[in-house]
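All remarks here apply to the structure that follows.
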Amino acid sequence: MKKALINDWYYVNGGAEKVIHSLNQIWDDFDHFALIDFLNENDRTFILNGKNAKTSFIQKLPTIKSNHRKFLQLFPVAIKQFNLKEYELIVSSSSSIAKGVRTTKNQLHICYCHSPMRYAWDLQEQYLDDAGLKGLKRVYAKFVLNKIKKWDIANSQNVSFFIANSKCIAQRIKAIYNRESTVIYPPVDVEFFSLETQKEAYYFTASRMVSYKKIQLIVETFNELPHLKLIVAGDGPEFKKIQKIAKSNIQLIGFVDAILLKKYMQKAKGFVFAAEEDFGIIPVEAQACGTPVIAFGKGGALETVLENISGVFFKAQNIKSLTKALLHFETLQFNPNAIRTHALQFSKERFERQIKFFVEEKYNEHYNQKAIELLKK
């Protein structure tokens with residue numbers, strides 16, 4: 001079968017890109033498409049087996065590399081300009097626009113949905129606040145987002161089958177698109193993130209420093225707990241602001257490579273995760289190292305963390321709630337081997353096996369049905 005793989009965009013190596021990597025491990029003959037592609041060569045080798053993605057006109061717009069979302073109103077036009085008529089199978093990996101690619105009823109389109117567009121649906125106000133939009137600019141942005149929502153619902157019907165990356169997202173797909181989906185958890189490299197049973201006296205967190213990741217909340221909480229040490233990895237728009245408020249028990253180390261990330265994660269007494277994520281790969285990576293997690297008790301974390309076995313939850317994204325969870329965590333004893341055993345169910349091998357079975361089963365069903373229809377004519 002001739003296959004196309006379309007992702008929203010390529011500019012970082014994050015959780016969605018780990019899914020793309022695994023898809024390319026299963027099938028190495030995809031033709032790749034995305035609105036933009038700004039991967040460096042190391043990331044391109046890992047994610048796309050060294051291939052380039054065919055991009056849209058968005059790629060050539062000024063300042064697109066530094067802030068692609070400001071061209072949101074152009075995304076629906078751009079995604080519809082890809083011509084995928086020659087492909088029997090289209091796989092979209094989407095938390096935004098890719099699932100809206102133009103297809104025909106004769107083609108099989110399977111969408112691996114990381115989330116319906118968060119900035120159009122549940123996090124609209126937060127994204128507008130983060131962008132600093134006020135007055136008429138905010139009114140216009142809301143107008144654009146509401147048009148995008150209507151477009152998103154209409155074009156979700158072009159997907160043959162949805163795969164959700166968690167039960168949480170399956171519920172949102174049903175609520176927003178009125179579509180059923182199959183849950184297949186994303187791949188976690190549990191072999192790379194290996195077990196370490198000897199822990200040291202520090203907590204660890206790692207993330208891109210943007211507001212919804214709630215790194216500022218974590219730092220502010222540890223500011224109130226000077227007897228607890230925190231190491232923070234990552235950079236992003238909020239780095240300097242957070243650096244200014246961090247007290248002496250908190251160490252900000254900026255961006256770290258995968259080897260160093262693993263080292264800090266393995267030795268930490270606990271990994272702190274304050275975001276509400278659709279799945280959240282990094283808490284599972286921590287658990288694969290035998291490191292328990294202190295997680296916000298909403299979203300995908302409820303599916304990946306076992307309370308009092310592989311971690312603890314806090315109920316609200318505020319200092320009081322996180323402090324209470326940390327003090328409770330300090331009273332507990334965790335078994336690193338049991339934590340890792342729990343994490344193994346989210347392995348890359350499991351993901352690749354389940355995705356391969358699902359896609360090939362749906363492909364055979366779809367084209368067998370088309371053959372039967374042709375014979376009846």
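Each residue in the stretch 55-75 was checked for being surrounded by 16 or more Cβ atoms within 10 Å (Cβ to Cβ), outside any loop (DSSP other than H, G, I, E, B) and touching a residue at least 24 places away in the same chain (Cβ under 8 Å), and 4 pass.
Are any of the residues in the stretch 108-116 farther than 20 Å from Tyr10 by Cα and more than 19 Å from the chain's Cα centre (by Cα)? Within the stretch 108-116, one or more residues are farther than 20 Å from Tyr10 by Cα and more than 19 Å from the chain's Cα centre (by Cα). Selection of strands (runs of 3 or more DSSP E) fully inside the stretch 129-228 by the criterion of at least 1 residues being without any contact (Cβ under 8 Å) to a residue 24 or more places away in the chain returns 181-183.
The rows are residues; the columns are (1) farther than 20 Å from Ile355 by Cβ; (2) under 18 Å from the mean Cα position of the chain (by Cα).
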site: Asn7; (1), (2): no, yes
site: Ile20; (1), (2): no, yes
site: His32; (1), (2): no, no
site: Asn52; (1), (2): yes, no
site: Ser56; (1), (2): yes, no
site: Arg69; (1), (2): yes, yes
site: Leu74; (1), (2): yes, no
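Is it the case that some residue within the stretch 344-355 is assigned to a helix (DSSP H, G or I), over 26 Å from the mean Cα position of the chain (by Cα), farther than 30 Å from Lys315 by Cβ and aliphatic (A, V, I, L, M)? No, the stretch 344-355 contains no residue that is assigned to a helix (DSSP H, G or I), over 26 Å from the mean Cα position of the chain (by Cα), farther than 30 Å from Lys315 by Cβ and aliphatic (A, V, I, L, M). The one condition from (1) assigned by TED's automatic domain parsing to the domain that holds Met117; (2) touching a residue at least 40 places away in the same chain (Cβ under 8 Å) that Ile372 does not meet is (2).
For the stretch 35-54, what are the residues that are surrounded by 18 or more Cβ atoms within 10 Å (Cβ to Cβ), more than 20 Å from Tyr119 (Cβ to Cβ) and in contact with a helix residue (DSSP H, G or I) (Cβ under 8 Å, 6 or more places away or on another chain)? Those that are surrounded by 18 or more Cβ atoms within 10 Å (Cβ to Cβ), more than 20 Å from Tyr119 (Cβ to Cβ) and in contact with a helix residue (DSSP H, G or I) (Cβ under 8 Å, 6 or more places away or on another chain): Asp37, Leu39, Ile47, Leu48. Here His32 meets the list (1) over 28 Å from Phe143 (Cβ atoms); (2) surrounded by fewer than 17 Cβ atoms within 10 Å (Cβ to Cβ); (3) out of contact with any Phe, Trp or Tyr (no Cβ under 7 Å at 6 or more places or on another chain) almost entirely, failing just condition (2).
The values are calculated or read from the model by the stated rules, or taken from the named source; none is laboratory data. In this text, all values refer to a predicted model and were calculated from it rather than measured experimentally. Every residue, glycine among them, receives a Cβ derived from its backbone with ideal geometry; neighbour counts consider all protein chains shown.
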